[in-house]
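Data first, discussion second: the structure below is written as structure tokens.
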Amino acid sequence: MKKQVCVMGISKNDDTPFRVMMLKEIDGERTLPLIIGQAEAQAIIVALEPLSLPRPLVYDTFILVAKTFDVKLQEVFIYDKKNGIYFATMVWRGLENKTFETDSRPSDAIALALRTKAPIFLEESILANFGSNIKDKVVFLKHEMTLFDMDRPRLEALLEESVKAEEYEKAAAIRDVLKTKI
């Protein structure tokens, strides 16, 4: 059985080259952590917290090509876990309303789903076997930066620099702090 999920957040840990993306079921309290790479984490963060990028990411380019050929992502389904690796499929609708599926890493599929507003589903048995209740989680850090002492003009300049340098995770955190400044 499929359970619809959303991306709850992405942790930051400078000690490893990986991030943890937390998925949460839409109609419940269970969560599932997925370990993803830095590049995929940045692509997902950019989709979650839209930033004005100087150049498109490969995910954006792929979506533009798909639209050109009237192909639309219908859904993402994370359907299995074998030897610690999750498997996902993307369901597409193309010419003459025909559907087809493509195999994908969950992180890449989610980066595309967020850009197209396609729903993300998770096999119920994966949530049951590997998920946990959100109430059991004490802390889940999305971003961790010390920017609160900076004034608005400095933060805006830093945000612009971060976007130009394609440091999207940093830019998203700066933008979040800017929202607290009046």
Among beta bridges assigned by DSSP with both residues in the chain, the antiparallel ones amount in percent, to the nearest 5, to 90
Can you tell which of Ile44, Ile78, Ile26 shows the greatest fluctuation in a Gaussian network model of the chain with Cα springs below 10 Å?
-> Ile26
In Å², rounded to a whole number, the accessible area per residue of segment 31-93 with probe 1.4 Å is 53
With a point put 7 Å past each Cα toward its Cβ, work out how far Leu48 is from Leu95 in nm, to one decimal.
-> 3.8
Note down the accessible area of Asp151, probe 1.4 Å, to the nearest 10 Å².
-> 90
Point-to-point label distance, Gln4-Glu124, nm (Cα→Cβ direction, 7 Å offset) | 1.6
Surface share of carbon and sulfur [accessible, 1.4 angstrom probe, percent] for the chain = 55
Might you work out the accessible area of Leu64 for me, using a 1.4 Å probe with all protein chains in place, and round it to the nearest 10 Å²?
-> 110
Where nothing but the Cβ of Lys and Arg (+1) and of Asp and Glu (-1) is charged, how large is the charge dipole of the chain around its Cα centre, in debye to the nearest 20?
-> 300
Taking Rh as the Kirkwood radius computed over C-alpha pairs, what is the Stokes-Einstein D of the chain at 4 °C in a medium of viscosity 1.567 mPa s, expressed in µm² per second?
-> 73
Over the chain, what is the mean sequence separation of C-alpha contacts under 8 Å (at least six apart), divided by residue count, expressed as relative contact order in percent?
-> 25
What helix-only [θ] at 222 nm does the chain give? Using -39500 (n - 2.57) per DSSP H run of at least 4, over all residues, to the nearest 500, the answer is -11000 deg cm²/dmol
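Multiplying the sequence separation of Asp80 and Val65 by 0.36 nm and subtracting their Cα-Cα distance, what value in nm do you get?
Between Asp80 and Val65, full extension yields 2.5 nm more.
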By the Cα gyration tensor axes a ≥ b ≥ c (a/c under 1.5 gives rounded; else a/b larger than b/c gives prolate, otherwise oblate), the shape of segment 1-108 is oblate
For Arg55 and Thr102, extending 7 Å from Cα along the Cα-Cβ vector and measuring point to point gives, in nm, a value of 2.1
Which longest run of the chain has no exposed loop site in it, a site being chymotrypsin sites (Phe, Trp or Tyr not before Pro) in a DSSP loop with at most 16 other beta carbons within 10 Å, and the site itself not part of the run?
-> 70-139
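Of Lys3/Lys117; Lys81/Lys170; Lys24/Lys98; Lys2/Lys67; Lys3/Lys81, which pairs sit farther than 21 Å apart, going by alpha carbon to alpha carbon? Don't skip to the end; give the middle numbers.
On the way: Lys3/Lys117 16 Å; Lys81/Lys170 31 Å; Lys24/Lys98 30 Å; Lys2/Lys67 27 Å; Lys3/Lys81 15 Å.
Exceeds cut-off: Lys81/Lys170; Lys24/Lys98; Lys2/Lys67.
Keeping all protein chains in place and using 1.4 angstrom, which order do Arg30, Arg154, Arg55 fall into by accessible surface area, from largest down? Working shown, then result.
Working: Arg30 60, Arg154 100, Arg55 155 Å².
Largest accessible area first, the residues go Arg55, Arg154, Arg30.
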Listed residues Lys24, Lys164, Lys12 arranged by accessible area, highest first, probe 1.4 Å | Lys164, Lys12, Lys24
Nearest-10 value in Å² for the accessible area of Thr61, using the 1.4 Å probe = 60
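The values are calculated or read from the model by the stated rules, or taken from the named source; none is laboratory data. Only a predicted model underlies this, so the values are computations on that prediction, with no experimental measurement involved. Every residue, glycine as well, gets a Cβ built from its backbone with ideal geometry; the counts of neighbours run over all protein chains shown. Areas reflect the complete protein model, heavy atoms only, side chains present, ligands, DNA and RNA absent. Shrake-Rupley method; radii C 1.70, N 1.55, O 1.52, S 1.80 Å.
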